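Quick notes on the structure that follows.
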Amino acid sequence: QVQLVESGGGVVRPGGSLRLSCAASGLFFSLDTMGWYRQPPGEPRDMVAEITTDGKLNYADSVKGRFTVSRDNAKNTAYLQMSSLKPEDTAVYYCYAEVRKWILSSPQPSWGQGTQVTVFS
């Protein structure tokens with residue numbers, strides 16, 4: 001069983017910054033793509049940013065130039081640095097990872113429990 005635990009959410013004023021962390025624990029062989037999704041109230045969950053094992057990045061257009069995704073493979077941890085935050089960034093942010101339980105197994109999606117980010121003045 002793999003657990004993804006997010007931290008770093010909170011309340012911030014517009015223009016402020018937050019850094020989210022996602023630490024994976026449990027028994028697994030490796031983590032493929034890791035990333036972040038978000039879900040505003042009453043809306044679907046959408047991809048925010050993702051990073052592959054070899055460092056390829058993908059961002060939603062709405063966060064390009066403001067958010068930076070990174071990972072530390074030695075720590076099985078992903079990060080999301082969020083800057084120039086806007087009220088429309090308010091959402092529950094979920095960590096995501098494609099987990100290989102064994103060397104020959106296919107990657108399976110795993111989700112964290114979510115962390116609230118609120119941007120308001």
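The values are calculated or read from the model by the stated rules, or taken from the named source; none is laboratory data. All figures in this text were calculated on a predicted structure; none of them were measured in a lab. With ideal geometry, Cβ positions are generated from the backbone for all residues, glycine too; neighbour counts draw on all protein chains shown. With ligands, DNA and RNA removed, areas are computed over all heavy atoms of the protein, side chains included. Shrake-Rupley method; radii C 1.70, N 1.55, O 1.52, S 1.80 Å.
General observations
- Mean separation of Cα contacts under 8 Å (6+ apart) over length of the chain, as relative contact order %: 36 percent
- Descending semi-axes in Å of the chain, equivalent ellipsoid built from Cα gyration tensor: 26, 14, 12
- Over all Cα atoms in region 56-95, the spread is summed up by Rg and Dmax: 11.3, 34 Å.
- Counting only protein chain heavy atoms and rolling a 1.4 Å probe, the accessible areas of 120, 28 rank, largest first, as 120, 28.
- Relative contact order (%) - criterion: Cα under 8 Å, at least six apart; region: region 1-53: 30 percent
- Where labels lie 7 Å past Cα in the beta-carbon direction, separation of residue 3 and residue 75 in nm: 1.8 nm
- Rg/Rh (Cα only; Kirkwood hydrodynamic radius) as it applies to region 1-53: 1.02
- Inter-label distance for residue 27 and residue 57, nm, one decimal - labels placed 7 Å from Cα along Cα-to-Cβ: 3.7 nm
- Surface calculation, 1.4 Å probe, protein heavy atoms: residue 75 sits at approximately 130 Å² accessible.
- Ordered from highest to lowest accessible area with the whole protein assembly present and a 1.4 Å probe, 6, 50, 88 read as 88, 50, 6.
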